[in-house]
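The values are calculated or read from the model by the stated rules, or taken from the named source; none is laboratory data. Since we're looking at a predicted model, the values are computed, not measured. Positions of Cβ are generated from backbone atoms using ideal geometry, with glycine treated the same way; all protein chains shown enter the neighbour counts.
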Amino acid sequence: MEQITGTMLAVLGAALAAGWSASGSAIGIGIAGESGAGVMTEDPGKFGLVLLLQALPGTQGIYGLLTAFFAIMKVGLLGGEPVAVSLWQGLGILFACLPVAIGEYTSGIAQGKTSAASIQMIAKRPEEMGKAIIMPAMVETYAVLSLLMSIILLNSIKI
Amino acid sequence: MAVLPVKKVSITVHRSVEEEVFGKVQAFGRCEVVPLVSQGDVSHAAARLAEVDDTLADVRFALRFLEPHFSGGGGGLALLFGDKPQVTLPGLAQMSHNLGLPRIVQDLREKERRLNEIRTEKSLGVSVQNVLQHLEGFPYPLVLLTEGTARVQGIFGTVACGNMDEAKRLLSSALQPMGEIFPFIPKDPKEKEGHIALIFPREQYRSVEELLAGVGFSRTELPGVLGDTVEEEQRRFSARAVELAAQEEALISATRDLAARWVPDLRHTLDYLSVVRDRRSTLLQGMRTEQVLMISLWCPAPEVPRLQKVLEPFSQEIDVALADPEEGETPPTVFQNSLWAGPFEPLTKLFGVPEYGAIDPTALMAPFFVLFFGMCFGDGGYGIITGGIAFYLFKKYRMTGDARGYVLMIMAGSVSTILYGALTGSWFGDMIDAFPFLHVFQPLKNSVTIMDPVKDPMTVLKVSLALGVVQIFFGLFVALYDNVRKGSYMAAFSDQGGWLVFLTGLILLGGGASGALPAEGMAIYQGVAALGALILFLTQGREKEGIFRKALSGALSIYSVSSYLGDVLSYSRLLALGMASAAVGMIVNMLAGLISDVPYVGWLLGAVLFVGGHLFSIAVNVLGAFIHSLRLQYVEFFSKFYGAGGRIFSPLRYDTKFVAIVDREPEGAQIIS
Amino acid sequence: MPTPERYGYATARIRAMERRFVDQGVLQRMLDAEDLSSALKVLGETAYAPWLAEMKNERDFDRPISSEMFHCYEEVRQFVPDPEMGQLLRITYDFHNIKVILKSMLRHRRGQSRRWDLLTNLASRETDDLLAAMESEDYRLLPYGLSGVMEECLSVWEQTQDIVEVEKRLDAQLFRALGELAKATAFPGVLRWFRARVDAENIRNLLRLRRAGEEGVKISEFLHEGGNVSLERLVDLGSEPVESWSRVLHYADVAPYLAEMGEQGSSEAMLVMLEKALDDYISGMLAPFSYTPFAPENVLRFLWSKEIETKNVRIVLVSKTSGLDRDMVRKVLRRV
């Protein structure tokens, strides 16, 4: 019983990591997409640039997927025999997934807003593309740091 | 590393040859005009400019009208990469001259006017048809409602459905037996308004109007052209609509033919006229006297001899003076990079051009950019694919400008990706381990693998952070060099020297505490850190007034260490993105492996998933790799020493969109009609 | 209650549309053009191009200008989440139309011809609807609270036969309705803009009335409530020379714009420069919102700038027909 609980807690962690990150990315890309559609109605030629900027908040979802993947690999649910996971180990994995679950969700939305603002910027000044791309990338730093912490924590749990 | 010095070349030219001389300067293409509010009598030059502006407006109009109907490719991709058809200037001039522009433009204006007329008439027709719809069943000619006769007149309009019965009742009692009422109740019950047409003797107009006002009637003016019966008019308008549609179609198809015929030539003419316009507007930016024109140019110093050679044939008519830029002038920035660093200039330009005389960071950043790109993209197989595509494009098109730079950057980045992928054993994710039939390659793959970001992220994290420390120290050294070069020894010693010593001390301390360095040296490490801190404390307040403020700023500056810490941590993205590539690849392989167990079609589904999944992974990761390695340069590296703030060199040259102007007709090239 | 989050699409599209503005360079080229037809050719390279073919002759440039404006209003109306944004500007044209209709009706009573040609399609309500409501004397159908004022206007006319008195009441209603519209949006920038509009209108009226020799109480009847500068202060201002207005109003946002006007020779020139200064003042109130990416005020800013742009284009084209001095024209061009 305890082992099943441990495994399920790990699965919950993975689910939170993947689910919240994907939500963050989805909202972020949605916000950016609205602005993108607005710009493209006027200037369809900007499709390439707009798509680039709109795609930026997508990495959060990938980081979440990555963490979820690590978490369930750790408890042997993917490729290989399930390993015995104690309640405490399972709880540890759940906690380790939280930085990603929270950080990616929030940063995904924030990055979406910045991307949308950047899209507005290139609508008016296409020559400033460089700056427009860097600003959303500033937000992503914190998505990377969340991922980093989750990976380090997952790594430090011995099974 | 530094930008090219420039010279100010002042040319005084006799007005008889001014256009010819600046034609040569434009062909030379390496001189920027120093803007000057024109002085003296410029009316002649202004008129010459207005003349070409006028023609340009015509060409732009023609292109604006024709381009939406033009389907022939303008060589989209080739144009994007700067691969344009090559022509000579005389050839282009000849072509533009023979084009017969006024005739084309007149024809197009006529077509545009006609199209507008047709569209106006069409929309008018639609609105009339709408009105007629409401009158279906009205038995008399409509002239009764529009004009009336000598004794009878009519009114048509709307009434709210609720008032309809009331209106009918009131009107029929008032008009009996002289008038007639035709109510049209809408078929759709959601419709709120119905229509009423009335015919009555003229003398009853007043009373009818009052009645109608009482029931909220609002009158609809019928267009005066309506005279016949409703059916007749409907037939006429439908016929006319068909006729108009046919006319419009014919006009548009004719326009399409015209577009196919003229758009390429018009585009070339646009280029030619822009070249002429650039040259003529230059002639407005100088000092003029009765006889001569004086214009100053910025020319990169090494190219001055070539400029002089270009101007030699005019030695009788012109006088050339050379000077160095003076205090207060803002000369343009001309990049000077070796062959390998040149392609990276677009990245520096994206951030901002260096000031004249300042350090150009392009070559300093390029190796880091390539290395980081490789680490972020992080997969040998992906590197082969992007590198292959970039190489193919590079061979296929004769690339110029920034596009060439980007393609070369991707090529260099791909090579670094392949190397990094080999070191981390990542080939399309874990393809070699995941699929049994590829196991033969395992020994080969494993022989060069030294670390694995997925299985052992901590090692890669350490490498990433170490690279961060290296680049930040390098940035500080560059700033130090720059300050020494400029003679600001105090700034070099305190701002960079202080931080270099302090940060070194901290790293040593960290190394000692974690056991990576011998613990006996702890006292030395502490000493180094303390010395650095002392330098910062004593010097960082040097701009402030008063001992207290000096001490306060000095002490506070030490807190900036947190920003250095943040900078270094930022390099952890090298691990994160590299790991993301490898792990997404791994997930794709795993899913492909799982799905290939499906009986019969499994291998096909697996293959599709494998190809599609990896293509998606490449698209997402190449974008991330590019942006994040760029961000590390801009935010973490440039902030140490680079301030942009310059102005890009924009010489008077052949600035064209659709053709490349060359000296000599290329061999075997077809001559444009 | 409108919320700013809904403006992601609209503001982005507005930014892209701003690129179609006639920029200073083009205006300059039009101004430098030799004659009207070359100036129109330059205009043909801008967003106005599709409408130029509608002109009956060269001097008929008002038609394409108002077509472009109409096109903009209609385009924005289709995607802006709050219809008030467009109405805020178009309501002026509604009141213009009402005045035209009313005057035409009064003229008609005297046996003079109606002036339907003066009606504009820029208004937010269909002209036909207004016309129908007026002709059937069913004033309940009139929008923007006009139903309440129309009876009064007509009775004033019956008593005094003074059209100025009638217009005064309509103008007062215009600004009341405008204020209500602005309050309905509840966006701070819109309210700021409204207060600036009131200030501008009041100051303009002040100068006009002074030129007509009016004083004190009479002046205050023509001023509107709701601006940044209080009515008492404005009435006091009436007795000061125009040159010192910026000093007296030094605390208000409008002061620097008034100061910029400088001294003018004739009172005619004074009025022209004052109008420019006031337009710049109103534009200045909206300018900061260009730095806020999703601010709904950007929609208003765009439409207002477009209005200013049409004004500039019209000024330049008129100067081409009348051969005004270029430097003089340059001075009265509004900032965009």
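A few notes on this one:
- Residues satisfying the stated conditions in the range A:125-141, i.e. surrounded by fewer than 16 Cβ atoms within 10 Å (Cβ to Cβ) and assigned to a helix (DSSP H, G or I): A:126, A:127, A:128, A:138
Conditions (1) at pLDDT below 95; (2) in contact with a Ser or Thr (Cβ under 7 Å, 6 or more places away or on another chain); (3) within 14 Å of chain A (Cβ to nearest Cβ), marked per residue:
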site	(1), (2), (3)
B:353	yes, yes, yes
B:402	yes, no, yes
B:433	yes, no, yes
B:440	yes, no, no
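- Listed conditions (1) in contact (Cβ under 8 Å) with a residue 40 or more places away in the chain; (2) closer than 23 Å to residue C:176 by Cα are all met by residue C:76, apart from (2).
- Positions within the range B:588-629 being within 27 Å of residue A:136 (Cα to Cα) and either touching a Pro at 6+ places or on another chain (Cβ under 9 Å) or of a type in the set (Val, Ile, Thr) (or both), in sequence order: B:618, B:620, B:622, B:627
- Candidates in the range B:55-91 are the residues that are over 28 Å from the mean Cα position of the chain (by Cα) and surrounded by 15 or more Cβ atoms within 10 Å (Cβ to Cβ); of these, the one that is nearest to residue B:399 (Cα to Cα) is B:88.
- Those strands (runs of 3 or more DSSP E) of the range B:146-242 in which at least 2 residues are small (Gly, Ala, Ser), considering only elements entirely within it, cover B:152-160, B:193-201.
- Among helices (runs of 4 or more DSSP H) entirely within the range B:516-617, having at least 1 residues that are within 14 Å of chain A (Cβ to nearest Cβ) and more than 47 Å from the chain's Cα centre (by Cα) singles out no element at all.
- Subset of the range B:414-438 (residues that are assigned to a loop (DSSP other than H, G, I, E, B) and within 13 Å of residue B:578 (Cα to Cα)): B:425, B:426, B:428, B:429
- Among the residues making up the range B:94-126, those that are of a type in the set (A, V, I, L, M, F, W, C), assigned to a helix (DSSP H, G or I), crowded, with 16+ Cβ neighbours inside 10 Å and away from every other protein chain (no Cβ under 13 Å) are B:95, B:101, B:104.
- Screening the range C:174-221 for residues that are within 15 Å of the chain's Cα centre (by Cα) and among the aromatic types (Phe, Trp, Tyr) and picking the one that is farthest from residue C:275 (Cα to Cα) gives C:175.
- Among the residues of the range C:1-52, those identified as of a type in the set (D, E, K, R) and more than 14 Å from chain A (Cβ to nearest Cβ) are C:29, C:32, C:34, C:35, C:41, C:45.
- Restricting attention to the range C:48-68, the residues that are of a type outside the set (S, T, N, Q) and more than 19 Å from residue B:111 (Cα to Cα) add up to 7.
- Residue count, the range A:146-159 (criterion: at the interface with chain B (Cβ under 7 Å from one of its Cβ atoms) and surrounded by 19 or more Cβ atoms within 10 Å (Cβ to Cβ)): 3
- For the range B:207-231, the tally of residues that are more than 15 Å from residue B:140 (Cα to Cα) and within 14 Å of another protein chain (Cβ to nearest Cβ) stands at 15.
- With respect to the conditions (1) charged (D, E, K, R); (2) within 14 Å of chain B (Cβ to nearest Cβ); (3) farther than 29 Å from residue C:54 by Cα, residue C:162 lacks only one, and its number is (2).
- The residues on offer are B:464, B:494, and the sole one that is assigned to a helix (DSSP H, G or I), touching a Lys or Arg at 6+ places or on another chain (Cβ under 9 Å), within 14 Å of chain A (Cβ to nearest Cβ) and not aliphatic (A, V, I, L, M) is B:464.
- Residue that is surrounded by the most Cβ atoms within 10 Å (Cβ to Cβ) [pool: residues in the range B:481-533 that are aliphatic (A, V, I, L, M) and over 20 Å from residue B:564 (Cα atoms)]: B:517
- The condition (being within 44 Å of the chain's Cα centre (by Cα) and touching a residue at least 60 places away in the same chain (Cβ under 8 Å)) is satisfied by just one residue among B:474, B:502, B:493: B:474.
- Which numbered condition residue A:7 fails, given (1) of a type in the set (Ser, Thr, Tyr); (2) surrounded by 19 or more Cβ atoms within 10 Å (Cβ to Cβ); (3) within 14 Å of chain C (Cβ to nearest Cβ); (4) over 17 Å from residue A:112 (Cβ atoms): (3)
- Contact map, the range B:80-98: residues that are touching a residue at least 24 places away in the same chain (Cβ under 8 Å) paired with residues that are in a helix (DSSP H, G or I) and surrounded by fewer than 16 Cβ atoms within 10 Å (Cβ to Cβ), Cβ distance under 6 Å, separation 6+ or inter-chain. Pairs shown: B:82/B:401.
- Of all residues in the range B:618-637 being free of Cβ contacts under 8 Å to residues at least 60 places away in the same chain and either in contact with a His (Cβ under 8 Å, 6 or more places away or on another chain) or closer than 15 Å to residue B:429 by Cα (or both), the one that is nearest to the other protein chains (Cβ to nearest Cβ): B:620
- Qualifying residue in the range B:640-648 (condition: out of contact with any Pro (no Cβ under 7 Å at 6 or more places or on another chain), more than 30 Å from residue B:29 (Cβ to Cβ) and either within 14 Å of chain A (Cβ to nearest Cβ) or in a helix (DSSP H, G or I) (or both)): yes
- One residue stands out among those in the range C:110-130 that are over 13 Å from residue C:100 (Cα atoms), within 14 Å of chain B (Cβ to nearest Cβ) and surrounded by 14 or more Cβ atoms within 10 Å (Cβ to Cβ): the one that is modelled with the highest pLDDT, which is C:125.
- Yes/no for residue C:277 being without any contact (Cβ under 8 Å) to a residue 40 or more places away in the chain, over 28 Å from residue C:189 (Cβ atoms) and among the small types (Gly, Ala, Ser): no
- Residues in the range A:21-37 that are over 8 Å from the mean Cα position of the chain (by Cα) and either closer than 18 Å to residue B:628 by Cβ or in contact (Cβ under 8 Å) with a residue 24 or more places away in the chain (or both): A:23, A:26, A:27, A:28, A:29, A:30, A:31, A:32, A:34, A:35, A:36.
Per-residue answers, yes or no, for (1) within 27 Å of residue C:328 (Cβ to Cβ); (2) more than 20 Å from the chain's Cα centre (by Cα); (3) surrounded by fewer than 16 Cβ atoms within 10 Å (Cβ to Cβ); (4) modelled with pLDDT under 90:
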| site | (1), (2), (3), (4) |
| --- | --- |
| C:252 | no, yes, no, yes |
| C:258 | yes, no, no, yes |
| C:267 | yes, yes, yes, yes |
| C:281 | yes, no, no, no |
| C:302 | no, no, no, no |
| C:306 | yes, no, no, no |
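- Matching residues in the range A:24-54 - criterion: being within 11 Å of another protein chain (Cβ to nearest Cβ), crowded, with 19+ Cβ neighbours inside 10 Å and among the hydrophobic types (A, V, I, L, M, F, W, C): A:31, A:32, A:39, A:40, A:50, A:52, A:53
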